[in-house]
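Following: one structure in structure tokens, then a few remarks.
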Amino acid sequence: MLATVKPHGKTFRDGLDLGSLGIEMALAIVAGYLIGGWFDRELEMAPWGTVLWMLAGFGAAAKALWRVTKQARRAMANADDREARELLP
């Protein structure tokens, strides 16, 4: 049985965290691109500023994905629901 969404409960916060993951990942990559572009223009180091900062953005996106994955695994491990336990590898 699926857990119900409680507006003030932990389940609701977990859902918001998971829902914001895509936005967080996209913003990290876009921020890396914009900062890298600024470095390229100001320090005349094209294309290395963009490359380095885009890699940093991808790293930040991967870290966000790892964080949410760990939280989801922890939530499933602590759940009393048998179906949630079956989803674990």
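Here, each number is a calculation from the coordinates, and none is a lab measurement. This one's a predicted model, so the numbers in the text were calculated from it and none came from an experiment. Positions of Cβ are generated from backbone atoms using ideal geometry, with glycine treated the same way; all protein chains shown enter the neighbour counts.
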* Structure fact -> Residue pairs within 7 Å by beta carbon, gap of at least six or interchain, first lying in the range 40-60 and over 21 Å from E24 (Cβ atoms), second part of a helix (DSSP H, G or I) and among the charged types (D, E, K, R), listed first then second, are A46/D40; P47/D40; G49/D40
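So, in the range 30-79, how many residues would count as being of a type in the set (D, E, K, R), over 18 Å from S20 (Cα atoms) and part of a helix (DSSP H, G or I)?
Start the filter on the range 30-79 by keeping residues that are of a type in the set (D, E, K, R), which leaves 40-42, 44, 63, 67, 70, 73-74.
Still in the running and over 18 Å from S20 (Cα atoms): 40-42, 44, 74.
The next check asks that each one be part of a helix (DSSP H, G or I); those that pass are 40-42, 74.
So the answer is 4.
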